[in-house]
Amino acid sequence: MIAVPRPPAADPLAAFTEDEVRACVDFAKPRQRWGLAGYGVDLAVLAALALTGPGRAVVAAAAGLAAGWAPGRVVLAAVAVQAVRAGVGLPFSVRAFRQDARAGLATQRLGGFLRDWAKARAVGLVLVVLPVTALVLGARWQPPGWPLVAAVAAVLLVLALAVVGPVLIEPLFNRFRPLEPGPLRARLLGLAATMGVPVRDVLVADASRRTTRVNAYVSGLGRTRRVVVYDTLLAGSGGSTGADDEVALVAAHELAHVRHRDVLWGTVGSAALAAVSVLAVVALFDLEAVQRVFAVSGLGDPLVVPGLLLLVALGGLLAAPVASAISRWAEARADWVALEVTRDPVTAVAVERRLALENRADLRPNRLLVAMFASHPVTMARIAQAWLWAERH
């Protein structure tokens, strides 16, 4: 394990002008407030459906359409809960889109955004309905080995999604093409070889049809693993030394994730958390006090769905600071490895400036929100790390 220096974030005025800082903050702060409001409203909706008479009546009415058929009752209850959540959350999503459109970050019209939103909700519905239905019916029928069988099934589901997600889900939202042959492709493949990372291909996502934001990421495991860069990140490359240097540095960061198996360990951690969560939920709904709170007979009751999803959401909120801290450490390590490989702190600073300005990052972030939800170090911490590397070398 390498030592990862993590200097404190510098003043943003050390790397940005006052106008740049103001523009980013003026965009980011309202978005954060509305994002938190949407998050809070979603929790409130789940609480209302799980804990209040009118909310329970809505779920019961939907489940009642299946009469006495237990699987249908669970499915309809889950669909009802997710439909209410989606309907209440839609105004917050539309507001975020309109803010992007006003700032020039969105390149699609409202209709295209709504189609993507509907696809995302449909995928989310499937990913909620299937495991929730299996869990509730398992608790109802108590197969041999229950609840360990449920915990193992949760682990297998997480692993399956990690493998098939890049193949089945990501193409629903983006089209991918291999990075075309040329100096940049040769440079990136050579960089991967230097880092000792086997790479089948580097793919380009057509993100520009939706946004001007720039990004790159690693997804999948084993043969499905790929490094993906947004075509917006490639804009200006193809011969421009500075632009190609930026792409190479971002690729080195993503390859560092592969070299240190961050995706694999993240998947393993998610699988373990899923198993523990299943066992915890089973134990909780065995308690009479919990059954009384949610007005259900146990985890096998089809009307348990909103209460189950509420507990999952609250558990995710409690786990968020730990997961975020681990993610920030992994991202800082990838930044440091990219500096060690490229030996180009000037480009590292240029990349962070570009990411901040084009993505409208919050250059004066709230420390509590960073601790709770930030998956990456803040911009000025990443820039300070690049400056520290330059001082040491």
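Return 69, 387 ranked ascending by Cβ neighbour count within 10 Å, so the fewest neighbours appear first.
69, 387
Which FRET efficiency, nearest 0.05, do residue 18 and residue 42 yield, Cβ-Cβ r, R0 45 Å? Please list the in-between numbers first.
On the way: r = 36 Å, r/R0 = 0.80.
Once rounded, the FRET efficiency stands at 0.80.
Once you have the Cα-Cα distance between residue 295 and residue 92, take 0.36 nm times their residue separation minus that, and quote the gain in nm to one decimal.
Length gained between residue 295 and residue 92: 70.0 nm.
Restricting to bridges with both residues inside the chain, how much of the DSSP beta-bridge set is antiparallel, in percent to the nearest 5?
The antiparallel fraction comes to roughly 65 percent.
Under the definition of Cα pairs under 8 Å and six or more residues apart, what whole-number percent is the relative contact order of the chain?
Reported as a whole number, the value is 26 percent.
Using square roots of five times the C-alpha gyration tensor eigenvalues, list the equivalent-ellipsoid semi-axes of the stretch 79-232 in whole Å, biggest first. Working shown, then result.
On the way: eigenvalues 229, 146, 18 Å².
Rounded to whole Å, the semi-axes are 34, 27, 10.
By how many degrees, 0 to 90 and rounded to 10, does the Cα axis of helix 110-141 deviate from the longest principal axis of the chain?
It is inclined by approximately 50 degrees.
Provide the net charge surrounding residue 27, with neighbours chosen by a C-beta distance below 10 Å and charges set as Lys +1, Arg +1, Asp -1, Glu -1. Let's see the in-between values first.
Details: positive: 22, 29, 31, 102, 360; negative: 26, 100, 362.
With Lys, Arg at +1 and Asp, Glu at -1, the neighbours total +2.
Computed FRET efficiency, Cβ-Cβ of residue 119 and residue 268, R0 30 Å: what is it to the nearest 0.05?
Working: r = 28 Å, r/R0 = 0.95.
Once rounded, the FRET efficiency stands at 0.60.
Could you tell me how many degrees, from 0 to 90 and to the nearest 10, lie between the Cα long axis of helix 18-51 and the main elongation axis, the longest principal axis, of the Cα atoms of the chain?
Result, in degrees: 10.
Rounding to the nearest 10 and keeping the result within 0 to 90°, find how far the Cα-based axis of helix 148-164 lies from the longest principal axis of the chain.
Tilt of helix 148-164: around 40 degrees.
Could you check the simple spin-label distance between residue 32 and residue 126, using points 7 Å along Cα→Cβ, in nm with one decimal?
The answer from the label model is 3.6 nm.
Cβ neighbours within 10 Å, averaged per peptide: list 2-12, 45-55, 350-360 in order, most packed at the top. Could you put the intermediate results ahead of the total?
Details: 2-12: 14.3, 45-55: 17.2, 350-360: 19.5.
In descending order of packing, they fall as 350-360, 45-55, 2-12.
By its C-alpha gyration tensor, with a ≥ b ≥ c as the square roots of the eigenvalues, how is the stretch 129-172 shaped: rounded for a/c under 1.5, else prolate for a/b larger than b/c, else oblate?
Because a/c hits 1.5 or more and a/b fails to exceed b/c, the stretch 129-172 counts as oblate.
Determine the distance separating the Cα centre of the stretch 332-380 from the Cα centre of the stretch 187-221; give it in Å without decimals.
If we compute the Cα centre of each part, the gap is 18 Å.
Quick check on the exposure proxy: order 195, 372, 380 from fewest to most C-beta atoms within 10 angstrom.
Values: 195 18, 372 14, 380 24.
Listing 195, 372, 380 from fewest to most nearby Cβ atoms yields 372, 195, 380.
Taking Cα centroids, how far is the stretch 149-164 from the stretch 241-273 in Å?
The two parts, judged by their Cα centres, are 23 Å apart.
Can you list the equivalent-ellipsoid semi-axes of the stretch 256-393, largest first and in whole Å, using the square root of 5 times each Cα gyration tensor eigenvalue? Display every interim value, and only then the final one.
On the way: eigenvalues 355, 55, 21 Å².
The equivalent ellipsoid of the stretch 256-393 has semi-axes of 42, 17, 10 Å.
I need the P(r) histogram for the stretch 179-220: all alpha carbon pairs, bin width 10 Å from 0 out to the longest distance, whole percents.
With a bin width of 10 Å, the distribution comes to 23, 48, 26, 3.
Convex hull over the Cα atoms of the chain, averaged projected area in nm²?
Value for the chain: 20.6 nm².
Hey, for a label at residue 160 modelled as a point 7 Å past Cα toward Cβ, could you say which residues of the stretch 291-307 have their backbone N under 11 Å away?
Output list for this probe position: empty.
Which Rg and Dmax, in Å, describe the Cα atoms of the stretch 264-304?
13.2, 40
Assuming R0 = 56 Å, can you tell me the calculated FRET efficiency for the pair residue 65 and residue 353, based on Cβ-Cβ distance, to the nearest 0.05?
Given R0 = 56 Å and the Cβ-Cβ separation, E is 0.55.
Read-outs throughout are calculated quantities, based only on the coordinates presented, and are distinct from any laboratory measurement. All values reported here derive from a predicted model rather than from experimental measurement. Positions of Cβ are backbone-derived with ideal geometry, glycine not excepted, and every protein chain shown enters the neighbour counts.
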